[in-house]
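Engineer: What follows is a structure written as structure tokens; I'll ask about it next.
Here, each number is a calculation from the coordinates, and none is a lab measurement. For clarity, every value in this text was computed on a predicted model and none was experimentally measured. No Cβ is skipped: glycine too gets one built from the backbone with ideal geometry, and neighbour counts run over all protein chains shown.
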Amino acid sequence: MVNKKTKLHYYPGCTLKEKTTNLDNTTYAVMDLLGYELIEPENWTCCGAEFPLTEEKIVGLAAPVRILRQVKLEGGNEVFTVCSFCFNVLKRANEAMVTDPLKHKRINAFLKDDIAIDRVTGEKTTDFPEYNGDVSVLHLLEFIRDEIGYEKIRSLLKRDLSKVKVVPYYGCRLLRPKGKIGIDEPDDPSIFEEFLENIGCEVIDFPFKQECCGSYLSLSMPDAASEASYNILRSAELNGADVVALSCPLCYYNLDRRQDRIKEKFPEFHEMPVFFFTQLLAWALGVDEEVLGLDQHFCDPRSAIGIDKSGVEI
Amino acid sequence: MRIKLKFEENEKKFIDRVNELSGENIYSCYQCGCCSSGCPFVFEMDILPNQIIRLVQMGREEELIGSKALFLCASCFTCQSRCPKGINIANVAEAVRHLIEPKGKDYFGPQEIPVELADELPQQALVAVYRKFSK
Ligand code: SF4
Ligand code: SF4
């Protein structure tokens, strides 16, 4: 008999459907193996990527609140993300709906008159209920720690990753701003290390794990971003790591896809493979190589997990 | 020696607007410099994060308008996690950018993206950079 899967809301975010399908596909693959059927909220849109930081231009809250309201309307009481930016925006928007009465009032007034049209029947729905911040927003690393449990993960491991010397790279959005948002203590986090240990990797500590990679400055100030990214990768190398694990598609862009530009600025730079944490988990759980999307990387990461040039596991 | 500070009306208004927009209490900063010591982009900045706050405290809008530092803040919140007064400089920089925006053009708009990069850029980076640096 096939075990019935638990339904769970998942918000992928736009980058995962376009530029980092490897992150999306490995999320689906691992969650399937762990017994979950993922539901994407109907008609989801971009979350806005950046939480509005001032008190007046708050229209940026409309998109994330609308997504959360949709999860609620579909009967969900939790939604998880893997992208650190989406996680941060959804979680902060949710928090604002609980703690900031003025934002709650203004955004709900704005969203009340949304019109949803049923694709099949053409029926229109409007007059939406208020959203009060009652869906919990989780990052997959938290969901694994708190709801799936490392024990279950360990019991399902199919491949040995003990030769993978990896640094966990948190970046900014999983941990800050300090307060109620982060998935762990911003100054001394350990959740990512625990995750990597439990999937069998050799975890290396390094001082740049919470530093910013340059974020969106890689577009507007590319040199500054290259330097920030270089400092992170260089520190990982000096501390003895062979690969970097992360969860954010923008960190991945800056730390992997821009390695050619880092090299232009710092000729002594050595390329280093960068993985999404879900790729390492998928590999450990026995998922096929094609699903991992390793051909999307700038720095070929295959040999780091024991695949030779012709695609054979060694 | 005592120095008495007296602000002009427009300076006073600027300070109040930054306080209000950012949601931060600018006056609580005592210039310890923790923010600047942790900021990953100071190496490129013309003025340091603590100096952004100081210029706001002094109502010096004109000097801030010309500052490159406002556009080097990546909203990484390292300063916020370290400031003993809990000030979030990313909020302050964003508030100042909003206030000076109407006087200039977009700092970074779609025309700034090199064509050869269009294919590789992650969506979230485009959305984020426009959110931050264009109207
Ligand atoms: S860390 Fe806080 S109190 Fe210290 S200078 Fe920076 S903003 Fe001011
Ligand atoms: S939020 Fe801005 S000012 Fe603060 S540390 Fe980060 S880049 Fe520097």
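Engineer: In whole Å and largest first, what semi-axes does the C-alpha gyration tensor of the stretch B:9-100 yield when each eigenvalue is scaled by 5 and square-rooted?
Structural biologist: Values for the stretch B:9-100, descending: 19, 14, 11 Å.
Engineer: Can you tell me, using C-alpha contacts under 8 Å and at least 6 residues apart, the relative contact order of chain B as a whole percent?
Structural biologist: After rounding, I find 25 percent.
Engineer: Can you tell me the length gained on complete extension of the stretch A:Leu157 to A:Lys112, counting 0.36 nm per residue apart and subtracting the Cα distance?
Structural biologist: Taking 0.36 nm per residue and subtracting the Cα distance, the gain is 11.5 nm.
Engineer: Let me ask something else. Whole number please: convex hull volume per residue of the Cα set in the stretch B:19-62, in Å³?
Structural biologist: 87
Engineer: What dipole magnitude, in Debye to the nearest 20, does the protein assembly as shown give about its Cα centre under +1 on Lys/Arg Cβ and -1 on Asp/Glu Cβ?
Structural biologist: Here the protein assembly as shown has a charge dipole of around 1280 debye.
Engineer: Under the Cβ-under-4.7 Å rule, which cysteines of chain B stay unpaired?
Structural biologist: Among the cysteines of chain B, those whose Cβ sits 4.7 Å or more from every other are B:Cys29, B:Cys32, B:Cys34, B:Cys39, B:Cys73, B:Cys83.
Engineer: With only alpha-carbon pairs counted, each pair once and no self-pairs, how large is the Kirkwood hydrodynamic radius of the stretch A:1-64 in angstroms?
Structural biologist: 13.8
Engineer: Here is a follow-up. Could you tell me the extents of the stretch A:233-314's C-alpha atoms along the three principal axes, largest first, rounded to whole Å?
Structural biologist: Cα extents, longest axis first: 37, 25, 23 Å.
Engineer: Output the 0 to 90 degree angle, nearest 10, between the alpha-carbon long axis of helix B:123-133 and the longest principal axis computed from the alpha carbons of chain B.
Structural biologist: 40
Engineer: Say the dipole of chain A comes from +1 at the beta carbon of Lys and Arg and -1 at that of Asp and Glu; which of A:Gln279, A:Leu174, A:Pro41 then lies farthest toward its positive end?
Structural biologist: Of the options given, the answer is A:Pro41.
Engineer: Can you return the lysines within cross-link range of A:Lys180? Criterion is Cα-Cα under 26 Å, with same-chain partners fewer than 8 residues away left out.
Structural biologist: Candidates past the 8-residue exclusion: A:Lys57, A:Lys72, A:Lys91, A:Lys103, A:Lys105, A:Lys209, B:Lys85, B:Lys132.
Engineer: Identify all lysines with a Cα-Cα distance to B:Lys12 below 20 Å; exclude those on the same chain that are fewer than 8 residues away in sequence.
Structural biologist: Candidates past the 8-residue exclusion: B:Lys4, B:Lys103.
Engineer: Determine the relative contact order of chain A: mean sequence separation of Cα pairs under 8 Å and six or more apart, normalised by residue count, in whole percent.
Structural biologist: Relative CO of chain A lands at 17 percent.
Engineer: Would you kindly calculate the translational diffusion coefficient of the stretch A:50-159, applying Stokes-Einstein with the Kirkwood radius from alpha carbon pairs, for 25 °C and a viscosity of 0.890 mPa s, and quote it in µm² s⁻¹ without decimals?
Structural biologist: Diffusion coefficient, whole number: 158 µm²/s.
Engineer: May I pose another question? What FRET efficiency do you get for A:Glu194 and B:Asp119 if R0 is 35 Å and r is their Cβ-Cβ distance, rounded to the nearest 0.05?
Structural biologist: Once the sixth-power term is evaluated, E becomes 0.40.
Engineer: Related question: With viscosity set to 0.890 mPa s and temperature to 25 °C, compute the Stokes-Einstein D of the protein assembly as shown, Rh being the Kirkwood radius across alpha carbon pairs; µm²/s, no decimals.
Structural biologist: 106
Engineer: May I pose another question? Taking a ≥ b ≥ c as the square roots of the Cα gyration tensor eigenvalues, with a/c under 1.5 meaning rounded and otherwise prolate when a/b beats b/c, else oblate, which class fits the stretch A:155-281?
Structural biologist: In terms of gyration-tensor shape, oblate.
Engineer: Spin-label point model (7 Å from Cα, Cβ direction): what's the A:Glu55 to A:Glu95 distance in nm?
Structural biologist: With each label placed 7 Å out from Cα toward Cβ, I get 1.8 nm.
Engineer: Would you please name the trypsin sites (Lys or Arg not before Pro) within the stretch A:1-108 that are DSSP coil residues with at most 15 other C-beta atoms within 10 Å of their C-beta?
Structural biologist: Hits after loop and neighbour filter: A:Lys4, A:Lys5, A:Lys57.
Engineer: What Kirkwood hydrodynamic radius do you get for the stretch B:55-135 when you take the inverse of the mean 1/r over all pairs of distinct Cα atoms, in Å?
Structural biologist: 14.2
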